[in-house]
Amino acid sequence: MKKKKVLLAYSGGLDTSVAISWLKKKRNLDVVALLVDLGQAKNLGEIKKKALKIGAVSAYIADAKEEFLSQYVYPALKAGAVYEGKYFLATALGRPLIAKKLVEVAHQEKASLVAHGCTGKGNDQVRFEVSLMALNPKLKVIAPLREWSLKSREAAMSYAKKHKIPIEQTKKSPYSIDQNLWGTSIECGLLEDPAQAPPEGAYRLTRSLLEADDKAETVDIEFKEGLPVKLNKEKIAAVKLVSMLNTLGGKHGIGRTDLVENRLVGIKSREIYEAPAAAILYTAHRALEELTLDRETFHFKEKLSLKYAELVYYGWWFSPLKKAIDAFINTAQKKVSGVVKLKLYKGNCQILSRKSPFSLYKKSLATYEKGDAFDQSLAEGFIKLWGLPLKVQAEGKKL
């Protein structure tokens, strides 16, 4: 009898490597591994060979870097989406795209089963499975980590050793790391104790402030309709632009965050994040919005930014609400064009200047010097009308 195929979202890490063996031995399935290239800075060719060596019957590599930035990251950048004020959603933004590729390859392979290496108490299981529901609800999902008897990372490492599965994790470096072009998420090990400072050895993209360059560096970023299009006056494609800013920001120790966050499944977890390019681009983008958006649009967008971040974090990328917010964001970003100059130094990303042909800033109205065109005599009447409801309320209390 021909074995059923299962398409596994494969990263090359501990959990998905053990999952290949487990799906083959415990479920008697032919495993097809899918590596989605989101800019992990790894040798995916070697990881593909590793999947086959462990027992996968075939393996695919899908280059999705440009699609990741243009269709997932940049919409979130335009929306100003940051979860709980610190997390730029690098991993969360990658999951719906990986799910999309799973659906595409499952159709190609005529596979009715897909699998992932997420734990039963993490966010990523939700992001994968909700996205799969939205894209192809007929696919059945297998989540080995919710089923197998390996109750800890130490147990998984022991299983890997017993079955001769090559892994990077060791008891001295037990971190779970997810990296793509937009940032790195790091958890486990000492990080599980919020009272412990993150060890320098856990970081991948950024230097510490002590090791950061002693010389400040300036950078010009030009935006068109909310998207970065030029770096230091040179037109650069998205993948290269983000990669360059990651290198530049990492050199100056920019983009580190340490967050005890509220997971979707109801627990708090401690993770550290590195996102140099994201930190720089968000700072520049907001500076340009301050210059070009009217007050009511700017304030309303801030509310939508919070909701957008929640939708991404919760795995609702393909929801009608997210698409509706995108429509508003795209309209609001039509005039978010211009150039922002920033200074990078010792973990700081300082705005030096911003210019836009659509600037709403008028010096003649803002200045306190000669040339002031603001009619201050209008203020008294404005204040009386603005405060009238409060005055009426106060007078009513005295009756």
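The values are calculated or read from the model by the stated rules, or taken from the named source; none is laboratory data. The model shown is predicted, which means the values in this text are computed figures rather than measured ones. As a convention, Cβ positions derive from the backbone with ideal geometry for all residues, glycine included, and neighbour counts pool all protein chains shown.
A few comments on the model shown:
- Number of positions in segment 19-38 that are touching a residue at least 60 places away in the same chain (Cβ under 8 Å) and surrounded by fewer than 20 Cβ atoms within 10 Å (Cβ to Cβ): 2
- One residue from 145, 150, 139, 102 being in contact with a Cys (Cβ under 8 Å, 6 or more places away or on another chain) and hydrophobic (A, V, I, L, M, F, W, C): 145
- Residues in segment 162-217 that are outside any loop (DSSP other than H, G, I, E, B), of a type outside the set (A, V, I, L, M) and under 25 Å from residue 247 (Cα atoms): 176, 178, 179, 180, 183, 184, 185, 187, 200, 201, 217.
- When segment 373-387 is filtered for residues that are assigned to a helix (DSSP H, G or I) and of a type in the set (A, V, I, L, M, F, W, C), the ones remaining, listed by number, are 378, 379, 382, 383, 385, 386.
- Only one of the numbered conditions (1) in contact (Cβ under 8 Å) with a residue 12 or more places away in the chain; (2) exposed (fewer than 13 other Cβ atoms within 10 Å of the Cβ) is violated by residue 124, and that is (2).
- Only one of the numbered conditions (1) in contact with a Phe, Trp or Tyr (Cβ under 7 Å, 6 or more places away or on another chain); (2) within 26 Å of residue 358 (Cα to Cα); (3) of a type in the set (Lys, Arg) is violated by residue 322, and that is (2).
- Of the criteria (1) under 30 Å from residue 226 (Cβ atoms); (2) surrounded by fewer than 20 Cβ atoms within 10 Å (Cβ to Cβ), which one residue 81 fails: (2)
- Pair list, Cβ < 7 Å and 6+ apart or interchain, from segment 224-249 residues that are assigned by TED's automatic domain parsing to the domain that holds residue 283 and in a strand (DSSP E or B) to residues that are loosely packed, with under 12 Cβ neighbours inside 10 Å and at pLDDT 95 or above: 229/235
- Within segment 270-313, the residues that satisfy the criterion of being more than 21 Å from residue 99 (Cβ to Cβ), in contact (Cβ under 8 Å) with a residue 40 or more places away in the chain and among the β-branched types (Val, Ile, Thr) are 272, 280, 283, 292.
- Segment 95-148, subset of a type in the set (Val, Ile, Thr) and within 20 Å of the chain's Cα centre (by Cα), residue nearest to residue 177 (Cα to Cα): 119
- When the strands (runs of 3 or more DSSP E) confined to segment 1-101 are screened for residues that are of a type in the set (Val, Ile, Thr), under 21 Å from residue 166 (Cα atoms) and in contact with a strand residue (DSSP E or B) (Cβ under 7 Å, 6 or more places away or on another chain), those reaching at least 2 such residues are found at 30-37.
- The set of residues in segment 176-202 that are within 19 Å of residue 38 (Cβ to Cβ) and not acidic (Asp, Glu) comprises 176, 177, 179, 180, 181, 182, 183, 184, 185, 186.
- Residue satisfying all of: in segment 280-311; hydrophobic (A, V, I, L, M, F, W, C) and buried (at least 24 other Cβ atoms within 10 Å of the Cβ); farthest from residue 227 (Cα to Cα) among these: 280
- For segment 336-378, a residue qualifies if it is among the polar types (S, T, N, Q) and either more than 30 Å from residue 75 (Cα to Cα) or free of Cβ contacts under 8 Å to residues at least 40 places away in the same chain (or both), and the qualifying residues are 350, 353, 364, 367, 376, 377.
- Candidate set: segment 192-223, residues that are over 24 Å from the mean Cα position of the chain (by Cα) and of a type in the set (Asp, Glu); chosen: the one farthest from residue 285 (Cα to Cα): 211
- Pick from segment 314-329, criterion in contact (Cβ under 8 Å) with a residue 40 or more places away in the chain and among the aliphatic types (A, V, I, L, M), ranking: farthest from residue 74 (Cα to Cα): 325
- Residue check for residue 143: in contact (Cβ under 8 Å) with a residue 12 or more places away in the chain and crowded, with 22+ Cβ neighbours inside 10 Å: no
- Test: residue in segment 114-132 that is of a type in the set (D, E, K, R), more than 30 Å from residue 300 (Cβ to Cβ), in the same structural domain as residue 10 (by TED's automatic domain parsing) and not in a helix (DSSP H, G or I): yes
- The sole residue among 189, 226, 249, 255 that is modelled with pLDDT of 95 or more and either under 30 Å from residue 362 (Cβ atoms) or more than 20 Å from the chain's Cα centre (by Cα) (or both) is 226.
- Selection count where residues are touching a Gly at 6+ places or on another chain (Cβ under 7 Å) and either surrounded by fewer than 18 Cβ atoms within 10 Å (Cβ to Cβ) or not in a loop (DSSP other than H, G, I, E, B) (or both), scope segment 266-279: 6
Residue by residue, here is whether (1) of a type in the set (Phe, Trp, Tyr); (2) outside any loop (DSSP other than H, G, I, E, B); (3) within 23 Å of residue 83 (Cα to Cα) holds:
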site: 298; (1), (2), (3): yes, yes, yes
site: 328; (1), (2), (3): yes, yes, yes
site: 336; (1), (2), (3): no, no, yes
site: 364; (1), (2), (3): no, yes, no
